[in-house]
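Everything on this sheet refers to the single structure shown next.
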Amino acid sequence: MSTTEAKLDRTKLKWFGAGAVCVVLFAFAVMSCGKRPTAAELGGAAEAATSTYVAPGDTDEYYLFYSGGHSGNVYVAGVPSMRHISTIPVFAAYPATGYGFDEESKKMLGGFGWGDVHHPAISETNGDYDGRWLFVNDNANNRLARIDLRDFKTKQILGPIPNISGYHGGSFVTPNTEYVLAASRFSVPLPKGTVEPLEEYATKYNGVVAGVKVDPKTGEMSHGFQILMPPFNFDLGDAGKGPSEGWAFWTSYNTERATGKLEVTSTQKDRDYIAAVNWKEVEKAVAAGKAKMISGVPVLDPKEVPGLVYLIPCSKSPHGVDVSPDGKYFIGSGKLQSITTAFNVEKMLTAIQKKDFSGNEDGIPVLTYDSVKDAEVNVGLGPLHTQFDSEGNAYTSLFVESAVAKWKLGSWEVLDKIPVTYNIGHLCTAEGDTVNPDGKYLVALNKLSHGRHLNVGPSQPESSQLINIGGEKMKMLYEAFTEPEPHYAQLIKADKLKPIEVYPKEENKNPNAIWDVKDAGVVRNGTNVTVKMVAVRSSFEPYKIEVNKGDTVTIYITNIEQTTDELHGFGLNEHNLNVVIDPGETKTIKFVADKPGVFPFYCTNFCSALHQEMQGYLLVKGGGSALAMK
Ligand code: CUK
Ligand code: CUA
């Protein structure tokens, strides 16, 4: 057996053992890893190289915001170069930017040390990316965060959201960012804090689908509405647009309401459901007082308020549901089959009107599958997610087959297929969630890289591949290795964002900001010591802080620079503290000085030729006297 064969064999074995976070294992999977594609198969190495080459000093055409999964971060890359540019910490501390160490970000994190970022979503106006905010959901701790794209910083974390358990079905936004969708992946008894036997899961546990409200001016997020659902596992979602505007869709699996080994118990039925929620009617029902408050959130029970929710049978264990740019179709992918199903919104509305039901679940009508379905498209094995281009084509990721299928909306013809390496989860096309996608590029977010890189030991990165979708045939352009773990991503035209490079002084409204070294100093009030500090090339003022053991020390530190890229850090020896202050920014550092001694602090972010001189001392009195040195 050649080395390559041995490697591939190992690869196959590993595919059965590796558990991608949100994708079930396919026991029956037909593996198609094959040999390494040649340059010719890649669409011509030279052509690929020139089309992704961004010369030093030049910038990319698109921003790629991709989820960092259980790292809790969002990563920013440029497309077509695929160069990683920045990391935006969201749900986890990140010493590189000091996130999670200053009081402001510590408060946002609320004591949690990590999060599981799944689906970044750019805010929309009239169904188009408006470049204002990026929302990301936390599957682990049921939170939703908002990043401001003016400064690429996390500005708000909402949650844990009451009644939601396993916030996976977000952060998809409605066409004018009225709501960010949310759902419970794991049903639990409600309200949270109550316990019912797992044996009574089918009747005593609840699913929830929801909308988090967004203030259109400020982006401030608040609890919007929630809907009680049967104890299914709600997975992915998408918001309607055009003819489907006002509707929200979620896939669900485990409609068997099973517990135990779900890989067996939840795959018994041939069909699961897509839930369709009329959120405009939901708003009216809430306004009419038809909701009851559960843990501070208005919750509607579809048994008591009919006309809000319908279930649509979908092929077994669906994963993604994706609304086409024209809003006419929603595509549901049954991950255990080789087809993806295109449902027709007009047919759905007709079926609702005619009460064309084939049953119900806890009083929620189930629409007749054949009346709503337009086509079953034979895309290939293990379809997960679908994205779109500007020419009416759809692109479906095939996890089991390790490929992307291109097919035509309306004619349902499969036009092309390209292998990816390996086991693709999400894919993302340029402006792909908007009413007007760009086409051009597709990024395949693959779950496994299987050593297609320099050996870095058993902890391997994922692989993300850039594919040209501008022509008839898809062409592989580039492969980048990405941190764990890209689920979804957003690809937005670079000129839609206008980020600032410094915080303008006049915008800093922090009452503790100071702009002149004359105002710097230390003030004691009992055992509370307050320091107002200036950081500017290349010193701290004050550079000496004297306190007593047990004092509570608060440092307000302002970086008074107004020059791009002049960041300063504040690292305090042996205190687990590092804060980075951007030009024009003020941050708050707070700690109890419980260790006597002299502790140097220094600038952690290289800022000038005399960066190494940018330092000072914290003196904590209350220990003994020092050694006499002479
Ligand atoms: S999920 Cu990861 S491949 Cu969390 Cu959107 Cu589908
Ligand atoms: Cu300031 Cu380095």
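Rule-based calculations on the coordinates, nothing more; no lab input. Note that this is a predicted model, so its numbers are computed, not measured. Neighbour counts are summed over all protein chains in view; Cβ atoms, including those assigned to glycine, are modelled from backbone coordinates with ideal geometry.
Tabulated data
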| read-out | value |
| --- | --- |
| Surrounding net charge for Asp301, when Lys and Arg each add one and Asp and Glu each subtract one, Cβ distance under 10 Å | +1 |
| Likely footprinting exposure, Met614, Met108, fewest C-beta neighbours within 10 Å first | Met108, Met614 |
| Virtual spin-label span in nm between Ile85 and Glu47, 7 Å along Cα→Cβ | 2.8 nm |
| Spin-label zone in region 537-580 - amide nitrogen under 16 Å from a point set 7 Å from the Cα of Lys590 along the C-beta vector | 551-557 |
| Ascending count of other beta-carbon atoms within 10 Å, so fewest first, for Lys473, Lys347 | Lys473, Lys347 |
| Neighbourhood net charge (12 Å Cβ-Cβ; Lys/Arg +1, Asp/Glu -1) for Leu567 | -4 |
| Tyr543/Val54 FRET efficiency (R0 30 Å; Cβ-Cβ; nearest 0.05) | 0.10 |
| Where GluC sites (Glu not before Pro) fall in DSSP loop in region 553-628, at most 10 other Cβ within 10 Å | Glu574 |
| Separation in nanometres of the label points that stand 7 Å from Cα toward Cβ, at Glu574 and Ser295 | 4.3 nm |
| Proximal lysines to Lys347, defined as alpha-carbon separation beneath 18 angstrom and excluding residues fewer than eight positions away on the same chain | Lys241, Lys328, Lys355, Lys373 |
| Model label zone, Glu104; criterion: amide N under 13 Å from point 7 Å along Cα-to-beta-carbon; scope region 136-178 | 148, 151-156 |
| Order by protection proxy (mean Cβ within 10 Å, highest first), peptides 542-551, 251-260 | 251-260, 542-551 |
| Members of Lys316/Lys473; Lys493/Lys587; Lys269/Lys408; Lys217/Lys280; Lys213/Lys354 lying beyond 22 Å, as alpha-carbon distances in this model show | Lys316/Lys473; Lys493/Lys587; Lys269/Lys408; Lys213/Lys354 |
| Projected label distance in nm at Val456 and Lys496, using a 7 Å step from Cα toward the beta-carbon | 2.9 nm |
| Of the DSSP H helices in the chain, those whose Cα atoms cover at least 15 Å axially and whose Kyte score averages -1.0 or more | 3-17 |
| For Asp438, net neighbour charge (Lys/Arg +1, Asp/Glu -1) across residues whose Cβ lies under 10 Å away | -1 |
| Computed lengthening from Asn126 to Asp356, 0.36 nm per intervening residue step minus Cα-Cα distance | 79.6 nm |
| Three-way shape call for region 80-172 based on the alpha-carbon gyration tensor, with the a/c threshold at 1.5 | oblate |
| CD proxy at 222 nm, helix term only [per DSSP H run n ≥ 4: -39500 (n - 2.57); per residue of the chain; nearest 500] | -2500 deg cm²/dmol |
| Residues Lys406, Lys292 arranged by fewest to most Cβ contacts within 10 Å | Lys292, Lys406 |
